[in-house]
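In what follows, a structure is listed as structure tokens, so that the remarks can point back to it.
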Amino acid sequence: MSPPGRPKGESFEREREGGPVDPPGRPEGESSEREPEGRLVAADALAAARRMLAGVRRLAVLTGAGMSAESGVPTFRDAHTGLWSRFDPMQLASPEGFRADPPLVWRWYAWRRELVAKARPNAGHLALAEAAAHFERLCVVTQNVDGLHQRAGSRDVIELHGSIVRSRCLAECGALFARPEELPAGEPPRCPRCGSWLRPDVVWFGERLDPEALAAAERACTEADALLVVGTSGLVYPAAGLPMQARRAGAPVVIVNPQPTEIDAVADAVVRAAAGAALPALLGGAGAV
Ligand code: OAD
Ligand code: ZN
């Protein structure tokens, strides 16, 4: 299966909003070439990023699939290994795709659920969980549905795209299964209350994010003294808009990613490194409290 070409600035909400959501504009006079040396030399960037985090009391952290890559959970858009290089997102991650073939989509999520169940939090997840004690607030806003932040011990986690561990009723009768082992039999199982299909409790393309989760994420990012952005391509809105919101609210933005991202120009420092190596180096001994 080959993925269809997707426009930059993808949005889960584009269908209801009537078109792709444009990425926020850069402040006047800035471009991705701003401070090219400081951005690209990892050691300098790490030192700069550490300075930016020194004295921070409220830290927000936005994470994407790269956060879990070192746990063996594939990302979506990395060449060759990304899920969307092998699978069609419209078939497997949209309400239309589910309605067209519920068992196919259910089995794909069951495969991912098993993969995630076997995965272990990596050094990056653990560094974030351990660092929480050093801040007044350390809020993790994640696009990941794998639950690895919570399993690492993070308690203040906002799941923007839902959770692969939970399943809910397609007809929205309110039935929710928080644990896979509680699910009724079948592929997909039927809702015990209303007989509709059960579906994974994740946000699909064309669907709205939970407004409360999004509002809480926006609050966390705009109230933070700094925002750390880890392992996201910055292509999917509204999550990809959070760094600009934080920056406009006055918070320095630090990106950790081994590859360039769509939102590098929003960052004050870009650390070109994997999460498992960078986060312990960045957060060891950090925090003002
Ligand atoms: P992507 O797959 O788009 O991007 C993954 C990012 O992680 C890339 O920028 C990689 O360079 C980076 N990366 C890879 N390995 C890394 C590592 N070890 N450490 C740090 N970064 C690393 O994933 P997302 O940006 O999370 O939605 O994608 C956003 C959303 O699109 C997902 O939540 C998903 C997808 O469709 C759902 O399916 C619900
Ligand atoms: Zn139901």
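The values are calculated or read from the model by the stated rules, or taken from the named source; none is laboratory data. Since we're looking at a predicted model, the values are computed, not measured. Quick reminder, even Gly has a Cβ in these numbers, built from the backbone with ideal geometry, and neighbours come from all protein chains shown.
In the range 190-201, the residues that are without any contact (Cβ under 8 Å) to a residue 24 or more places away in the chain and under 18 Å from LEU104 (Cβ atoms) reach residues that are among the polar types (S, T, N, Q) and near ligand 2 (Cβ under 8 Å from one of its atoms) with C-beta atoms within less than 9 angstrom, at least six apart or across chains, in these pairs: ARG190/SER196. Annotation: of all residues in the range 225-272 being over 17 Å from the mean Cα position of the chain (by Cα) and part of a strand (DSSP E or B), the one that is modelled with the highest pLDDT is ALA226. With respect to ALA110, determine if the residue is surrounded by fewer than 23 Cβ atoms within 10 Å (Cβ to Cβ) and within 22 Å of GLY276 (Cβ to Cβ). When the stated conditions are applied, ALA110 does not pass them.
Among the residues that make up the range 128-135, is at least one of them assigned to a loop (DSSP other than H, G, I, E, B), over 19 Å from the mean Cα position of the chain (by Cα) and either away from ligand 2 (no atom under 16 Å from the Cβ) or not assigned by TED's automatic domain parsing to the domain that holds GLY241 (or both)? Yes, that holds for at least one residue. Residue count for the range 136-157, restricted to those that are closer than 17 Å to LEU283 by Cα and either assigned to a helix (DSSP H, G or I) or in contact with a Lys or Arg (Cβ under 6 Å, 6 or more places away or on another chain) (or both): 4.
Of the residues ARG77, ARG50, ARG86, the single one that is charged (D, E, K, R), at pLDDT 60 or above, buried (at least 18 other Cβ atoms within 10 Å of the Cβ) and within 20 Å of VAL236 (Cβ to Cβ) is ARG77.
Residue under question is THR222, and the condition is that it be assigned to a loop (DSSP other than H, G, I, E, B) and not charged (D, E, K, R); does it hold? The answer is no for THR222. Scanning the range 233-250 for residues being buried (at least 24 other Cβ atoms within 10 Å of the Cβ) and touching a helix residue (DSSP H, G or I) at 6+ places or on another chain (Cβ under 9 Å) gives a total of 5.
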